[in-house]
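The next block holds one structure in the form of structure tokens; read it before the comments.
The values are calculated or read from the model by the stated rules, or taken from the named source; none is laboratory data. Note that the coordinates shown come from a computational prediction; the quantities given were computed from them, not determined experimentally. Here the Cβ positions follow ideal geometry from the backbone for every residue, glycine too, while neighbour counts run over all protein chains shown. Just the protein is used for accessible areas: all its heavy atoms, side chains included, with ligands, DNA and RNA removed. Shrake-Rupley method; radii C 1.70, N 1.55, O 1.52, S 1.80 Å.
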Amino acid sequence: MDILEDIRLSVENGHYKVTEKLLEQALKQHIPAPEILEKSMIPAMRKVGENYKNNQADIPRILAAARCMRKGVDLLTPYLESEQRLYRGTVILGTVEGDLHDVGKNLVAIMFRSAGFKVIDLGVDISEKQFLKAVREHPDVSIVCLSSLLTTARPNMKHAVKALRQSDTEHRLKIMVGGGAVTREFAESIGADAYTENAVDAAELAKSFIV
């Protein structure tokens, strides 16, 4: 199945038109959509994430790969649904109040969707009240992800995590944090369940939270 390798390379290289064409060919060959995701697209994003972590890829390279991933997921979604692929779990994510950056958040959303999660993306500049409201409105939520690139927004992340903890009397939520302003030490100090450095690791770790 060389076409799966071709898809992986096209995503890694950020060639979204090539990715689309190859995905259409793979579907015509009756390769199952989940297999395409698991064997081509997710490994590609994992490799790009590792390259970035090792200073072998820059932000434009990641964004190009993410664009391929988004196009691919859009194309594969009808086939995933037609195969009755159940959601692994439901995730709420948003950039905290005082921060309008969404690149990292959008990458996380793409990786969560490709890992089989239903994603409720609240957007940017999200207050603790908005996070709480979203959790109340979606009782099936099991993970809440908060992002921040600006250090000035870290107090708002701390307040939001505290509010979520206090409202979660049944201890059903896992709280994940990330972004340029966040460190593992900070995540632990505010009571988050997890911190990851990149979107690929976030999705992999989230899978371990779902029993």
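Checked against (1) modelled with pLDDT of 90 or more; (2) surrounded by fewer than 21 Cβ atoms within 10 Å (Cβ to Cβ); (3) among the polar types (S, T, N, Q), Asn51 passes all but condition (1). Residues of the stretch 136-152 being closer than 13 Å to Gly94 by Cα, open to solvent by less than 10 Å² (accessible area, probe 1.4 Å) and not hydroxyl-bearing (Ser, Thr, Tyr), which ones? The answer is Ile143, Val144, Leu146.
Whenever a residue of the stretch 187-207 is under 15 Å from Ala66 (Cα atoms) and open to solvent by 20 Å² or more (accessible area, probe 1.4 Å), its partners that are part of a helix (DSSP H, G or I) and not charged (D, E, K, R), lying with C-beta atoms within less than 6 angstrom and at least six residues away or across chains, give the pairs Asn198/Gly49. Criterion applied to Ile36, Ile92, Ile42, Ile120 was being farther than 28 Å from Asp168 by Cα, of a type in the set (Val, Ile, Thr), open to solvent by less than 80 Å² (accessible area, probe 1.4 Å) and modelled with pLDDT of 90 or more, and the one residue passing it is Ile36. Of everything listed in (1) within 25 Å of Tyr16 (Cα to Cα); (2) part of a loop (DSSP other than H, G, I, E, B); (3) modelled with pLDDT of 90 or more, the single unmet condition for Arg85 is (3).
The set of residues in the stretch 12-33 that are in a helix (DSSP H, G or I), touching a Lys or Arg at 6+ places or on another chain (Cβ under 9 Å) and either closer than 14 Å to Arg67 by Cβ or open to solvent by 20 Å² or more (accessible area, probe 1.4 Å) (or both) comprises Glu12, Tyr16, Lys17, Thr19, Glu20, Leu23. Among the residues of the stretch 192-211, the ones that are in a loop (DSSP other than H, G, I, E, B) and of a type in the set (A, V, I, L, M) come to 3 in all.
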